[in-house]
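Since every read-out is calculated from the coordinates, none of them should be taken as a lab result. Everything quoted here is computed from the prediction, not taken from an experiment. In this analysis, Cβ positions are derived from the backbone assuming ideal geometry, glycine residues included, and neighbour counts consider all displayed protein chains.
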Amino acid sequence: MSRVASAIAVAMTLGAGALASGATTPDDAVLAAQGERAAAIAKASAATVAIFDASGGGGGSGVLISSDGLALTNFHVTAPCGPAMKCGLNDGKLYDAVIVGIDPVGDVALIQLLGRDDFPTAEIGDSDAVRVGDWAFAAGNPFLLADDFTPTITYGMVSGLHRYQEPAGTLLEYTDCIQTDAAINPGNSGGPLFDAQGRLIGINGRGSFEKRGRVNVGVGYAISINQVMRFLGHLKSGRILDHASLGATVATQDDGRVVVDDILETSDAFRRGLQYGDAIIRFADRDVTSANGLKNALGVYPSGWRVPITWRREGETFTAAVRLSGVHDEAELIALVQQEHADPSDPGPGEPPRPRDDKSPDGEPAPKRPMPGFDSLGNKPKLPEAVAERYVARHGYANYWYNEQQQQRLWRGYLEQSAAEGAGYDWRLRGALETGGAFTLTIAENDADLALPTGRFKAAFSGDVSQQLSPPRSGGFLLAIHAWQRLLDKGLSRFGEVYYLGRLPHGADNRVEDCLAGLFEGMETRFFFADDSGALTGIELFSADDADPCEITFADFVEAGGRRLPRRWLVRQGDAVFAEFVISDWTLAAVAASTASESTAGEH
C-alpha cells in the first residue's frame, strides 16, 4: 500500500476515534497525506492540456510528456482538428499546437505545443505495476468547465485491469485498458490518468454513460501508458500507425484452450511453426487463457514488433520469437482513417467514441463534420505561422515534417560517427568465419562475389535484383550489402523512398533501436542505428512478403582508414544462422571527384 493510501486508511480510523473522543486536532499523518496529495495534483495539473481546434471550438484533453511540448491525447480528439490545434495550460496561456503522429487503431495521437522549450511535464509511471484498488486521479477539461484552462481533478481508484473492448463499426480497439471509477466525462478524452503519486499511468479514452444523459456512471477506461510508450517512437515518425496482428485467429474451446482456427501461410507465425489446431499458452510473457486475453496482449504492440510465443501440439510444447504483422493493409488503413473522419456518426472533439450500447455518450447521431483541416464549406483555412513551419502534408502521414526531421537526425549522426560517406561501391573484405575457414567478399556497383569454404556465390545488381538472393539460405546477403552501399552512395533522397519507421526490436537480444526503411526495386530494406553512438547496427532485407528477411547484425566496431567500421557481421535468416564473418582486412576503393583513394583495415 502506498504512503498516501496508508495515510487515508489511518485518517479514517483516526477520524472515527476523534468523533468518539471529541478531539478536533487532525493527526500529523493525515495532514502529511493531504499535503502529498495536493502536491501530486498540482504537479500533474501543470502538465495537463486543454485541447481545442484551431478556431477554439470543441474540447478535449491531453498531457505533456517532454519539455519541448510533445503531448499525448486521443486520436478521436485530434481527428476533427486537422494539423492545427489550440492548447491551454493552467498558467492561463493558450498555445498553438501541431499534429505529430496518430495511432487511429489504439486511439492515441501525439501533438506538439509550440512557443517555448520549458513546458512542464508529467512523470511517466509503470502501468504494469498498477493494481486493482490503487488510488488514481484523472485530470482534464470535462464539459469545458475550465475557462482558465485549470483542469478538473476527479479522484477514485483502479477498478479493473486488462479490460478489452473490441471494435464495433470503428477502427478503435481498446486493449489492455485500466478501468477506474474516477469520473471521466465528455471533454476528459485524451487526458491523463495518474497514480496517487502523480505518475502518468494511462490516457483516458472511454467512459460508460447513461443511455440519454451523457453522465458518467463510474466506469472509465484509460489506455495504459506502457502501451503508449511502446508506440511513442512510431508516433514521432509522423506516420499513421497500425497495431499488431499474429496473422492467425483463435477461439476459446469448451475445455478452456485457446486454439488456432485459421492462420495465414504468409505470416511469420506460420513460418516459425504455428499451425491450425495448436493451443497457444503464452504470448509476450503472459499466460493466454482466452481469445480476448490474446487480443489484449497483441493490442499493446505496434506492427513489426517481435515477441515470444509458446504453444502446445499433441502434448509437445514449442516456443518461437514471432515478428508481428499489421492488422490492416497500409492502403486500407489510410482509407479507413479518411472514412472515419467523414463518418456522420463519429463524435466531435473530446467526445468518447460511439462503438456500441453503454459506451455511447448520447443516443443522438452527431452532425456530419468536415474532413480534418477543412471548414464546413470545404475550404482549407490558413495555418498559423508556427504550425505551418512544422507541417508537411503527404499521403499516408499525419505530418511528414516530423518524419523528415527523424531521417536527417539519424543520417547525420551516422555519417558523423562513421565517416562512411564517399565509401563508394568497390569493397574487398577478407577474414574468417566464426565456425572456421577463410572467406573473401568482393562487391562492386553491379555485382558481388563471395568465396566461402563451402563454395563460391555471385550476384548481379541489374535487371530484376529481387531474384539475386545469393547465397542460398541467407535471404539475400549480397543484395543487402548492396543496399547499404546504395544508401551511402545516393543518400536519403536518391536511394528510393526512404522514411523513418520508428523504434523496433532488433538483433539477437531484441534491443529496441531507431530504424530507417528504404524501398527500391519493390523491396524493403531496414537500417538500424544505435542510440548512444549513432552507428549502423544492422540491416534487414525483405525480398518478399512470404519469406524470412536477411538479417545482418554488426558488432565490434574498429577504426580503419579514418572510418569506423563493424568487424563482426552475423547473418541469419529465420531461425538459422547463415554465417558469422570476422573481418581482418577491409579495402574501400572510394572515388572522390576524379581522384581515387584507397583505405585499408589491417589485421586486428
In straight Cα distance, which aspartates and glutamates are under 17 Å from K93, not counting same-chain residues fewer than 8 positions off?
D53, D68, D117, D118, D147, D148
Once phi is turned into θ = phi - 60°, what whole-Hz ³J(HN,Hα) does the Karplus curve with 6.51, -1.76 and 1.60 give for every residue of segment 79-90, x standing for Gly and Pro?
3, x, 8, x, x, 10, 9, 10, 10, x, 10, 6
Convert 10 °C to kelvin, take the viscosity as 1.306 mPa s, use the Kirkwood radius over C-alpha pairs of segment 244-326 as Rh, and evaluate the Stokes-Einstein diffusion coefficient in µm²/s, rounded to a whole number.
129 µm²/s
The residues V465, V132, sorted from fewest to most surrounding Cβ atoms within 10 Å, come out as V132, V465
Counting other C-beta atoms within 10 Å, which of E521, E316, E389 has the fewest, and how do the rest follow?
E316, E389, E521
With the dipole of segment 403-601 worked out from charges on the C-beta (+1 for Lys and Arg, -1 for Asp and Glu) around the Cα centre, which of A560, A576, G424 lies farthest toward the positive end?
A560
For segment 403-601, what is the convex hull volume of its Cα atoms per residue in Å³?
118 Å³
With a 30 Å threshold on alpha-carbon distance, the violating pairs from K43/K295; K86/K295; K236/K458; K236/K490 are K43/K295; K86/K295; K236/K458
Answer rounded, prolate or oblate for segment 134-183, using the Cα gyration tensor with square roots of eigenvalues a ≥ b ≥ c: rounded when a/c is under 1.5, else prolate when a/b is larger than b/c, else oblate.
oblate
Least to most buried among H506, H76, H234, by other C-beta atoms within 10 Å and fewest first, runs H506, H234, H76
Using bins 10 angstrom wide from zero, how does P(r) for segment 173-325 break down, in % of all Cα pairs?
11, 33, 28, 21, 7, 0
J(HN,Hα) series, segment 48-64, from Karplus relation 6.51 cos²θ - 1.76 cosθ + 1.60, nearest Hz, glycine and proline x:
7, 10, 9, 10, 10, 6, 4, 8, x, x, x, x, x, 9, x, 8, 7
